[in-house]
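Everything below concerns the one structure shown next.
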């Protein structure tokens, strides 16, 4: 009997080797699949994102101080819709559009709209005085005069004012144009997303 079992063992050896080889191939396949899934995410270059100020771009981030001394970081406002309004108190069309921007803020502030008003006035006092005397106290006010290198105005390539740039909750630019062309239902739809 002993001899017969040895014979059966010898006969089963190729079958066992084939099973081990099949298991090895299965584990190798699983490993390759895991590497492919994980490796794909490792190969995606986060620097390859399109940053900019055009519609569809991820908005350029910035970190500045508001006129009241608070730090403002655009990326910290993710989850809100942010309207960046470029303006100046000496600009007639800006003075015409500011009530419209103020009405949008009043209508949608509770729903998550933030307005960052970036002034190109030559003095901070001129910008602050205009905003306060007209009751535009709900804006996050930033002063960046045109005659100096500025972070936001230059980065966003603002060459005319008034100019509105709307950034959605994910940080993507969804509007870049004249303030008066910005509609309430557009803001409402972004807030609902």
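The values are calculated or read from the model by the stated rules, or taken from the named source; none is laboratory data. Everything quoted here is computed from the prediction, not taken from an experiment. In this analysis, Cβ positions are derived from the backbone assuming ideal geometry, glycine residues included, and neighbour counts consider all displayed protein chains.
For segment 139-160, residues that are modelled with pLDDT under 95 and assigned to a loop (DSSP other than H, G, I, E, B) total 12. For segment 64-82, a tally of residues being part of a loop (DSSP other than H, G, I, E, B) and either more than 10 Å from the chain's Cα centre (by Cα) or closer than 19 Å to residue 176 by Cβ (or both) returns 7. For residue 108, the test of being in contact (Cβ under 8 Å) with a residue 24 or more places away in the chain, buried (at least 21 other Cβ atoms within 10 Å of the Cβ) and closer than 18 Å to residue 82 by Cα is failed. For segment 178-193, the count of residues that are in a loop (DSSP other than H, G, I, E, B), closer than 16 Å to residue 82 by Cβ and in contact with a strand residue (DSSP E or B) (Cβ under 8 Å, 6 or more places away or on another chain) is nonzero.
For the criterion of being surrounded by fewer than 21 Cβ atoms within 10 Å (Cβ to Cβ) and at pLDDT 95 or above, residue 114 passes. Hey, does segment 49-64 have a residue that's more than 22 Å from residue 190 (Cα to Cα) and modelled with pLDDT under 95? Yes, because at least one residue in segment 49-64 is more than 22 Å from residue 190 (Cα to Cα) and modelled with pLDDT under 95. Check segment 109-116 and report whether any residue there is in contact with a helix residue (DSSP H, G or I) (Cβ under 8 Å, 6 or more places away or on another chain) and in a helix (DSSP H, G or I). Taking every residue of segment 109-116 in turn, at least one turns out to be in contact with a helix residue (DSSP H, G or I) (Cβ under 8 Å, 6 or more places away or on another chain) and in a helix (DSSP H, G or I). Of all residues assigned to segment 134-151, none qualifies as being within 17 Å of residue 182 (Cα to Cα) and under 18 Å from the mean Cα position of the chain (by Cα).
Here's the yes/no breakdown for (1) farther than 20 Å from residue 58 by Cβ; (2) in the same structural domain as residue 93 (by TED's automatic domain parsing); (3) loosely packed, with under 13 Cβ neighbours inside 10 Å:
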residue: 130; (1), (2), (3): yes, yes, no
residue: 135; (1), (2), (3): yes, yes, yes
residue: 156; (1), (2), (3): no, yes, no
residue: 163; (1), (2), (3): no, yes, no
residue: 167; (1), (2), (3): no, yes, no
residue: 171; (1), (2), (3): no, yes, no
residue: 181; (1), (2), (3): yes, yes, yes
residue: 184; (1), (2), (3): yes, yes, yes
residue: 187; (1), (2), (3): no, yes, no
